[in-house]
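Inspection log for the structure reproduced underneath, given as structure tokens.
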Amino acid sequence: MIRAAFAVLVRDLRLAVRRPGQVLQPLAFFAVVTVLFPLGYTPELDKLRQIAPGVLWVAALLASLLSLEGLFREDAQDGTLEQLVLSGQPLAALAFAKTLAHWLLTGLPLTLMAPVLGIALGVPGSAMPGILSSLALGTVTLSLVGAVGAALTLGVRRGGVLLGLLTLPLTVPTLVFGARATELAIAGEGLSGALYLLAALAVLAVTLAPLAVAAALRIGSE
């Protein structure tokens, strides 16, 4: 099972290297949205610092959604998904490997970009570790919840809008706790409570989301 999941992970990473445009699109979106706020709102760092948590997390959420629609769709079109279903390996483990690839290609780069883009919003350097920690935990949950939505909308043409409608309500707790953790980090206060809640959401998503994705993929492949 581990060998099969690792093979799926490596395959998705190799395919992404051959199509860098799909990987760079959400990262470019995240950067553009974040940088536009100082231009469209105000150049005053004090005011930008107040809205920085919401800007960073909403932009990260929307950027993560951009790459979710094609998470399983291309595999369904070329027959790879059917082979995964019939492979005899636990489909939940294979789905988790594909979701992990999505996080490595989208969630992790977004996390690493956030401190750099936070400078444009007046975020102090002392807040960078807290921002990195909160986004690292939060993007894991966003990828897993998004994978459930991508699997449920697999058989729907142009399911991007439906994917957003299904996924966004489920990501509200992550968005709230993540923005709170970022706000506390910027203020220089303790953020361990918010990080614990983000970690609990990530553990819950890791436990349940692959099972839900596997069930949705089996239904969609029938």
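The values are calculated or read from the model by the stated rules, or taken from the named source; none is laboratory data. Note that the structure is predicted; figures quoted are calculated from it, not measured. Ideal geometry is used to build each Cβ from the backbone, glycine not excepted, and the neighbour counts take in all protein chains shown. Quick note on the areas: whole protein, heavy atoms, side chains included, nothing else; ligands and nucleic acids left out. Shrake-Rupley method; radii C 1.70, N 1.55, O 1.52, S 1.80 Å.
Numerical summary
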item: Sequence ranges 13-21, 55-63, ranked by mean other-Cβ count within 10 angstrom, highest first; result: 55-63, 13-21
item: Hydrodynamic radius (Kirkwood) for the range 35-170, which is based on Cα pairs only, to one decimal in Å; result: 16.3
item: Compactness relative to 2.2 N^0.38 Å, alpha carbon Rg of the range 23-80; result: 1.53
item: Residue of Val33, Val161, Val148 that the Gaussian network model of the chain assigns the largest fluctuation, springs spanning Cα pairs under 10 Å; result: Val161
item: Calculated log₁₀ intensity ratio I(q)/I(0) where the Debye formula runs over C-alpha points of the range 77-152, q = 0.11 Å⁻¹; result: -0.40
item: For the range 83-162: accessible area per residue (Å², 1.4 Å); result: 39
item: For Ser126, solvent-accessible area (1.4 Å; no DNA, RNA or ligand), Å²; result: 100
item: GNM top mover of Ala200, Ala150, Ala181 - the chain, alpha-carbon springs below 10 Å; result: Ala200
item: Phi to ³J(HN,Hα) by Karplus 6.51 cos²θ - 1.76 cosθ + 1.60 over the range 180-192, Hz, x for Gly, Pro; result: 5, 4, 5, 4, 5, 5, 5, 6, x, 9, x, 10, 5
item: Accessible area (Å², per residue) of the range 166-213, counting only protein heavy atoms and a probe of 1.4 Å; result: 51
item: Cα centre as origin, Lys/Arg/Asp/Glu Cβ charges: the range 1-120 dipole, Debye; result: 240
item: Carbon and sulfur %, accessible surface of the range 1-125 computed with the full protein complex present, 1.4 Å; result: 67
item: Computed helical MRE - 222 nm, the chain, DSSP H runs ≥ 4 contributing -39500 (n - 2.57), nearest 500; result: -27000 deg cm²/dmol
